Amino acid sequence: MCLGIPGQIVELVDETKKLALVSVGGVKRTVNVACIVDDAHPASGLVGTWVLVHVGFAMSRIDAAEAEKTLALLEELGEVQAELQAMADGERA
Amino acid sequence: MKFVDEFRDPTHAAALVREIGERVATLGRSPSRPLKIMEVCGGHTHSIFKYGIEQMLPPSIELVHGPGCPVCVLPVGRVDDAVKIAETPGVLFATYGDAIRVPGSRGSLLDAKAKGADVRTVYSPLDSLALARKNPDKRVVFFGLGFETTAPSTALTVLEAEASGVDNYFVFSNHITILPTIKAILDAPDLSIDGFIGPGHVTMVIGVAAYGFIADTYGKPFVIAGFEPLDVLQSLAMVVEQIARGEAKIENQYRRVVREGGNAVAQDAIERVFELRPHFEWRGLGTIEHSGLTFREPYARFDAEKAFAIRTVPVADPEQCQCGDVLKGVIKPWECKVFGTACTPAVPIGACMVSSEGACAAYYQYGRVSTSARAEARRELKVVR
Ligand code: SF4
């Protein structure tokens, strides 16, 4: 819940509702990006950005190297599979 | 130092361990009067166990595992309330997977589900709002859990529910805030913490300045840390360095993710939707003033406590369970009599054995052999003394 998981924004879904499609370890999921857009960083420029996703919300922009490191850590902690499963199940619930 | 080999940069890790050792040696501490450093966040607890960081450190440093596991600090009475709401006819109860197995006095949410309650596991509050849209004939209740890392997500979801006129959506808020918690730990007479490893992702939301009082008023070092094993070691080195120099500062080791001011959008969302409760009960820590979040008046219609007339009754932990003492750092998990025997992650007696961020679960998963050996050693020591 607290560690979050890195993902890359691949598509802007709804600019007004601030929803984007994020790819997390190959799994795609709609995520709210309200916390990482502001005047200096408009939603239109988001595709390709790496973000840290907590419970379906992108909470921070990170660089690709940080994303890779965090993913490796989560992998070692055995958290990745559980997180991806939860993401997929959540949308189907 | 055999564990260091597991690090992505073993040389750097070994150097940090050496640096910590040399610094601590100048402080005149001993294993019977160790330097106590608390990691506040459950994510750090998990990392510390996985990489065996405790075992690498000199015996005159003790890591105290703090209360930063939101599922663990939820008191039994609030779990009972959740079960009661979930069992109400016409309710669909949505919860994070972490919380579904936490035992209440009349069983867990999973038990309620087995008996026919409609309990669903969701990954995000957004999923629970989607459930409300899909099931207009049901009252959908989301179990809001967590510190400032997840509170903005709940708040933004409530704002979205309001904007789109969803009227069968409710939140049972058990959100908690970090600052009063740390203050309560600093004020606790039986805990003398010398310094802190601060939570990375909570700080990503609330910003660095908020912790000023820990250094200014209490004179304790506080280093906001990343979750990589090297981050944790480096942050420990920074805490020890401050202590050795007689300083107390708030430092940010996790600059890659944590900005000084935190996240303004997330702070605004919390501020708009929630206000502080006068007090909130925690497992193990008792009642802490201004530590819980509840709905502000304009959003009261989303408040499950009002909609379901919840009056929380405090309920004691199961008699064998010492989760409360574990959360305060007064005992280590293996000192609990049922640890690893009657209480395991598959059949948890207390909440600390449920979430992977809980200290009992983390000890069980990674540290059982070595720590029970330590327990033996400690018992022998007691006999000798
Ligand atoms: S081992 Fe189980 S019963 Fe003992 S303190 Fe931990 S959670 Fe409670």
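We did not get these values from a lab; they are worked out from the coordinates using the rules stated. All values reported here derive from a predicted model rather than from experimental measurement. FYI the Cβ positions are ideal-geometry reconstructions off the backbone, even for glycines, and counts take in every protein chain you see.
Numbers below:
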| read-out | value |
| --- | --- |
| For chain B, cysteines whose Cβ has no other cysteine Cβ within reach (under 4.7 Å) | B:Cys41, B:Cys321, B:Cys336, B:Cys343 |
| Size of electric dipole in chain B: Cβ of Lys, Arg +1 and of Asp, Glu -1, about Cα centre, debye, nearest 20 | 700 debye |
| Spatial separation of Cα centroids for region B:183-198 and region B:90-152, in angstrom | 33 Å |
| P(r) of chain B over all Cα-Cα pairs, binned every 10 Å from zero, in whole percent | 5, 23, 32, 24, 12, 4, 0 |
| Residues B:Gln55 and B:Phe308, FRET efficiency given R0 of 45 Å [Cβ-Cβ distance, rounded to 0.05] | 0.45 |
| All Cα pairs of region B:220-273, percent lying beyond 15 Å | 55 percent |
| Distance between region B:291-342 and region B:9-28 - C-alpha centres, whole angstrom | 38 Å |
| Alpha-carbon Rg with Dmax, taken over region B:1-115, Å | 20.9, 64 |
| Theoretical ellipticity at 222 nm over the protein assembly as shown - DSSP helices of four or more residues, -39500 (n - 2.57) apiece, nearest 500 | -11000 deg cm²/dmol |
| Two-site FRET efficiency, A:Ala40 against B:Glu247, from Cβ-Cβ distance with R₀ of 41 Å, rounded to 0.05 | 0.70 |
| Region B:249-299: C-alpha gyration tensor shape, a/c 1.5 cut-off, then a/b vs b/c | oblate |
| Enclosed volume per residue, in Å³, of the convex hull spanned by Cα atoms of the protein assembly as shown | 141 Å³ |
| Using alpha-carbon coordinates, inclination of helix A:64-77 to the longest axis of chain A, degrees | 30 degrees |
| Shape category assigned to region B:181-246 from the gyration tensor of Cα positions, a/c cut at 1.5 | oblate |
| Net dipole in debye of chain A [+1 Lys, Arg Cβ; -1 Asp, Glu Cβ; about Cα centre; nearest 20] | 200 debye |
| Spread of Cα-to-Cα distances over 5 Å intervals beginning at zero, given as percent, for region B:125-268 | 2, 10, 16, 16, 15, 12, 9, 8, 6, 4, 2, 1, 0 |
| Coordinate range along principal axes, alpha carbons of chain A, Å, largest first | 37, 32, 21 |
| Label-point separation, A:Arg92 to B:Leu276 (7 Å along Cα→Cβ), nm | 4.4 nm |
| Under 5 Å, built H, 5+ apart or other chain: amide partners of A:Glu11 | A:Leu21 |
| Degrees separating the helix A:80-92 axis from the principal Cα axis of chain A, which is the longest one | 60 degrees |
| Chain B - percent relative contact order, Cα under 8 Å, separation 6 or more | 20 percent |
| Relative contact order, percent, region B:46-108 [alpha-carbon distance under 8 Å, six or more residues apart] | 31 percent |
